[in-house]
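Remarks on the structure that follows.
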Amino acid sequence: MWNYLKDPKNELIIKKQRNGSYDFSHKQRPHVNRIAPNYSLSKISLDDRDIMHTKLKNGKKVMAYYAFDDMSQALIGYAHSKEKTHQLFIDCIKNMFVFLNSKNLGMPMQMEVEHHLVRDFRDGLMRAGNIFPFVRWCNPTNSQEKYAERLIGSKKYGAEKNNNQNVGRHYSRRDSNRVINQKIFDAQNDNFKEATADYEVIVANEIQEIKEYNNQLHPNQKKY
């Protein structure tokens, strides 16, 4: 019985039944190998994120939604909000079209999106052929599949880290990307120092960092 349960093909089935979809996807499913396109606007990758390094004065986080061009890695659309709603996604799409129009660029060929905020638009705005010729839906909770995830990391550990304190994660394997929490020794004994600012200030700083990120050299200098 033990040998039967430990057979790799049977063990995978057991883990799928025993673990949640998030753990199974991250620990058992193979990662996605991506191949970069050769032309700008061949593929646009979109994703949402929380701005962690500076919070609002009430302790809440500012939400952001980004649209990256896979080939150039430029951030060509963005939006910010105090809540993660459908309007955040729509505002990002609007901002992307304003940018494309200002540069006299054409329609993107393919959009890469996740299910979280976008699934309610799958029969309209994000249906392949309606506006965008192709739409790729990434599997839920599979962060490795979206190229925007890696580009958000490039922006985070580049322009953001140069301009802000507390950029990183306390459990990061690399010391340079690790954040050290500064404890406040008060009556609760469970509070830590955090950078706070008004919503308008956080968004203004974020837009400046987007410009700084976009003006960096392409990481593949041998080709570009």
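List of remarks:
- Backbone amide hydrogens, once placed in the peptide plane, bring residue 196 within less than 5 Å of 55, excluding anything fewer than 5 places away on its chain.
- Only Lys, Arg, Asp and Glu carry charge here, each on its Cβ (+1 for the first two, -1 for the last two); on that basis the chain has a dipole of about 720 debye about its Cα centre.
- On a per residue basis, the convex hull of the C-alpha atoms belonging to the chain measures out at 195 Å³.
- Under the convention that each Lys and Arg Cβ holds +1 and each Asp and Glu Cβ holds -1, the size of the dipole of segment 1-123 around its Cα centre is about 460 debye.
- Simple spin-label estimate for residue 128 and residue 31 gives 2.6 nm between the two label positions (7 Å along the Cα-to-Cβ direction from each Cα).
- Between residue 82 and residue 11, the simple label model (points 7 Å from Cα in the Cβ direction) yields a spacing of 5.1 nm.
- Residue-wise HN-Hα couplings along segment 24-39, as the Karplus relation 6.51 cos²θ - 1.76 cosθ + 1.60 with θ = phi - 60° gives them from phi, are 5, 5, 7, 9, 10, 5, x, 6, 8, 8, 9, 10, 5, x, 9, 10 Hz; Gly and Pro carry x.
- Of 48, 69, the residue with the largest accessible area leads and the full order is 48, 69 (1.4 Å probe).
- In this structure the chain gives 64 Å² per residue of accessible area when probed at 1.4 Å with all protein chains present.
- Within a straight-line Cα-Cα reach of under 17 Å, residue 43 can be paired with the following aspartates and glutamates, leaving aside sequence neighbours fewer than 8 residues apart in one chain: 69, 70, 112, 114, 145, 149.
- Cβ-Cβ FRET estimate between residue 101 and residue 173, R0 fixed at 35 Å, reported to 0.05: 0.25
- Relative contact order of the chain, taken over Cα pairs closer than 8 Å and 6 or more residues apart, is 19 percent.
- Using the Cβ-Cβ distance between residue 60 and residue 208 with R0 set to 22 Å, the FRET efficiency from 1/(1 + (r/R0)^6) comes to roughly 0.50.
- Anchor residue 55: lysines whose Cα lies under 28 Å away (excluding residues fewer than 8 positions away in-chain): 82, 84, 94, 146, 155, 156, 161, 183, 193, 211
- Residues whose placed amide H lies under 5 Å from that of residue 79, excluding near-sequence neighbours: 65
The values are calculated or read from the model by the stated rules, or taken from the named source; none is laboratory data. Just so we're clear, the structure is a prediction, and the values are computed from it rather than from any experiment. Methodologically, a virtual Cβ is constructed for each residue, glycine included, from the backbone with ideal geometry; neighbour enumeration extends over all protein chains shown. Surface areas here come from the heavy atoms of the whole protein model, side chains and all, with no ligands, DNA or RNA. Shrake-Rupley method; radii C 1.70, N 1.55, O 1.52, S 1.80 Å.
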